[in-house]
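The structure under discussion appears below in the form of structure tokens.
Coordinate-derived values only; no laboratory data. The model shown is predicted, which means the values in this text are computed figures rather than measured ones. FYI the Cβ positions are ideal-geometry reconstructions off the backbone, even for glycines, and counts take in every protein chain you see.
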Amino acid sequence: MTLQVLDPTAKAAIQTAGMADRPETLAGKRIGLLYNDKLNAEPLLTAIYDVLADRFDGAAAHVVNKGNASRPADPELLKTFASEVDVALLANGD
């Protein structure tokens, strides 16, 4: 019998392909807040948005609850959400 030992200390590779470009500023941008039904997800995003709104004039929030935390967001919800915002913040809570 052979015992295979895995090294849990390997560094994770961060994949950057397919990531959206960051805007120069958030001033006047529509900031999407997408959360799930987990406890504290909405308050976390709201607190982050409040900091951003203080720093960037005219930043507006668009808040959407994707629903059940154990299921992926509906593709149509994501498509609509993406069309209504310039940048998006997502959070899980607990």
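Descriptive notes on the structure:
- Within a Gaussian network of the chain (alpha carbon springs, distance under 10 Å), most fluctuating of ALA41, ALA13, ALA27: ALA13
- Nearest-ten-degree value, helix 41-55 long axis tilted from longest Cα axis of the chain: 50 degrees
- The fewest-to-most ranking of LEU39, LEU44, LEU6 by surrounding Cβ atoms within 10 Å reads LEU6, LEU39, LEU44.
- For the chain, the list of chymotrypsin sites (Phe, Trp or Tyr not before Pro) that fall in a loop by DSSP and count at most 16 other C-beta atoms within 10 angstrom reads PHE56.
- Helix 75-84 axis, angle to the chain major axis (alpha carbon atoms, nearest 10°): 40 degrees
- Entry note, the chain: relative contact order of 39 percent, from Cα contacts under 8 Å with a spacing of 6+ residues.
- Going through [x] 20.6, 77; [y] 16.8, 55; [z] 17.6, 65, the figure that equals Rg and Dmax of the Cα atoms in Å as computed for the structure here is [z].
- Lys, Arg +1 and Asp, Glu -1 on Cβ, resulting dipole of the chain about Cα centre, debye, nearest 20: 200 debye
- Chain lengthening between VAL63 and ALA47 when straightened (0.36 nm per residue, less Cα-Cα): 4.5 nm
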